[in-house]
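The values are calculated or read from the model by the stated rules, or taken from the named source; none is laboratory data. Every value quoted in this text rests on a predicted model; they were computed, and no experiment measured them. So basically every Cβ, Gly included, is an ideal-geometry build from the backbone, and we count neighbours across all protein chains shown. In case anyone asks, the SASA skips ligands and DNA or RNA and just uses the protein heavy atoms, side chains included. Shrake-Rupley method; radii C 1.70, N 1.55, O 1.52, S 1.80 Å.
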Amino acid sequence: MHEVFQRKDGPNVVPPSYGKDLEILDAKALSHFGMRITDALSAQSKSIEMQIVKTNDASVVGTARRLVLATDTDFPSISNHMADALADAQKSRGIPGGMLLVFDGKVGGDGKPFLGVIKAEMQSGFQRRLAATKVVTEFLENIFLTPATRLYKLALFISEDAAVTASTNWRCFVFDSNITAARRENAAVYFYDGFLGCAFPESGKYETAKFFDLTKEFVRTSVNDRDLRRDLGDALFAFVKVDQAPTFTSQQFGDTYLPPELRDPFNKFLEAKKFPTNRAVVRDISEMGGRLRRRKYKFGPDIEFSASPDAIRNGTVTIEDVPAGDVSEGEAASWTRITVRRPVTEQL
């Protein structure tokens, strides 16, 4: 465990305070530490797999490679390089300091090694405890990793081989609460780029389009109620095109828009189609073209109607199913009223 500091007036790096020995956590503390990692890397909390760009021996992943092979004696001194790299990456005086936790372990049935780093910002708070014969309240400073806050950033480098060698490939998963901000630039670039040597993956275009097409297929084949199908279609357009967050998860869409009884089938449908349900996807609609520019509606075999999603959303066009009691005698028992709040400008 190391401490990195906020930069002062000059451009010089403030040297970190290095932890010289391994931290020994009791069973309860270790259990809670594991819970923080699990919660952060869950799909709901917006973790994302990133592309590792810097891979040389001096990079963070190069240090991770050495750390998973290190002895307990060498681990603290080698991990100093992590603290140096983070202190160097924090070039702005507006970036707060904090604790840097460096830890390793194994994951999966085949025990693949991983190396984790957490930057945790300091807080203050109160605790109640029993002292002698009465309960006392104490003010605590410099506490971190509390469950009620997201004031930390986490990265996990996972080896693709159970036995790490110089040629082993690595995957990197990152959690940062700012990564879901409306602007990608706010997502602590210093942490995932300057420190970790990573970048947003280039597969966002493919995965965004795949999510859109698969969700349309699921709604078309699994939802019998016509009104719900139309509502989910509108929601999908807004979710993919209008939402400005740079990442999304399939769970986010399901929890927000799907009825509870459809959420589990939706998740299983995506898994069967090999779409990632356990991590966030970078939102990129740049190659979806006309699929997001027009909404098309079919009324039987011989009638089609199209409008932009914006016109549907802002009420310029409304599409309503008319109840059977509103129809005149002799007309169809089920029909649709389309209202366009603009004059005809052209006939094609």
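Tabulated data
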quantity: Linear extension gain, VAL135 paired with LYS8, 0.36 nm per residue minus alpha-carbon span; calculated: 41.6 nm
quantity: C-alpha long axis of helix 204-222 to longest principal axis of the chain, angle in °; calculated: 50
quantity: Lysines with Cα under 16 Å of LYS91, excluding same-chain neighbours fewer than 8 positions away; calculated: LYS8, LYS119
quantity: Charge tally in the Cβ shell below 14 Å around ASP264, where Lys, Arg are +1 and Asp, Glu are -1, ASP264 excluded; calculated: -1
quantity: Helix-only mean residue ellipticity at 222 nm for the chain, each DSSP H run of n ≥ 4 adding -39500 (n - 2.57), per residue, nearest 500; calculated: -8500 deg cm²/dmol
quantity: Full-stretch length increase - ARG128, ILE143 - with 0.36 nm per residue and alpha-carbon distance subtracted; calculated: 3.9 nm
quantity: Cα long-axis angle, helix 226-237 against the chain (0 to 90 degrees, to the nearest 10); calculated: 50
quantity: Solvent-accessible area per residue, Å², over the chain with all protein chains present [probe radius 1.4 Å]; calculated: 57
quantity: Distance between modelled label sites at LYS268 and TRP335, nm, 7 Å Cα→Cβ extension; calculated: 4.2
quantity: C-alpha long axis of helix 27-41 to longest principal axis of the chain, angle in °; calculated: 40
quantity: Within straight-line cross-link reach of LYS216, lysines at Cα separation under 19 Å, skipping those fewer than 8 residues along the same chain; calculated: LYS205, LYS241, LYS268, LYS273, LYS274, LYS296, LYS298
quantity: Read-out Cα Rg over 2.2 N^0.38 Å, derived from the coordinates shown; its label in (1) 1.29; (2) 1.05; (3) 0.98; calculated: (1)
quantity: Solvent-accessible ranking of SER250, SER286, SER203, largest area first, probe 1.4 Å; calculated: SER286, SER203, SER250
quantity: Relative contact order for the chain, counting Cα pairs under 8 Å that sit 6 or more residues apart, in percent; calculated: 16
quantity: Phi to ³J(HN,Hα) by Karplus 6.51 cos²θ - 1.76 cosθ + 1.60 over region 124-133, Hz, x for Gly, Pro; calculated: 10, x, 10, 9, 10, 8, 8, 10, 6, 10
